[in-house]
Amino acid sequence: MKIKVITLKNWCNSNITPLAWQRIIIKILPQLREKGFELDELEEPAPDRLFQEEEFKLFSGALNALYNITFPQEVMDKIQ
């Protein structure tokens, strides 16, 4: 499974708050850095930058921990 980082960012900004994406990436930044991501590229992701399944799981865990929200399956179905 792969998902565009910009899709996740836009969903967070539209469905939670404009600062949700920043809170989430700050929470998981140490693990994402191990995967080659840096804060500046996560704040303004390139249109083709992808999260693999492991990064998406980190995102989902932080989303749940911070906001008690699960990323909707119907959104996943539309983008795959």
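The values are calculated or read from the model by the stated rules, or taken from the named source; none is laboratory data. Please read all numbers here as calculations on a predicted model, not as lab measurements. Every residue, glycine as well, gets a Cβ built from its backbone with ideal geometry; the counts of neighbours run over all protein chains shown.
A few points about this structure:
- The residue that is farthest from residue 7 (Cα to Cα), counting only those in region 25-57 that are in contact (Cβ under 8 Å) with a residue 40 or more places away in the chain and part of a helix (DSSP H, G or I), is 53.
- Restricting region 1-11 to residues that are among the charged types (D, E, K, R) and not in a helix (DSSP H, G or I), the residue that is surrounded by the fewest Cβ atoms within 10 Å (Cβ to Cβ): 2
- Test: residue 25 is at pLDDT below 95, within 11 Å of the chain's Cα centre (by Cα) and β-branched (Val, Ile, Thr): no
- The set of residues from region 12-25 being closer than 17 Å to residue 41 by Cα and surrounded by 14 or more Cβ atoms within 10 Å (Cβ to Cβ) comprises 12, 13, 20, 21, 22, 23, 24, 25.
- The residue of region 46-69 that is nearest to the chain's Cα centre (by Cα), among those that are within 16 Å of residue 14 (Cβ to Cβ) and either at pLDDT 95 or above or among the hydroxyl-bearing types (Ser, Thr, Tyr) (or both), is 59.
- Within region 58-74, considering residues that are without any contact (Cβ under 8 Å) to a residue 24 or more places away in the chain and part of a helix (DSSP H, G or I), the one farthest from residue 4 (Cα to Cα): 64
- Here residue 60 fulfils each of the conditions (1) closer than 20 Å to residue 17 by Cα; (2) surrounded by fewer than 12 Cβ atoms within 10 Å (Cβ to Cβ) apart from (2).
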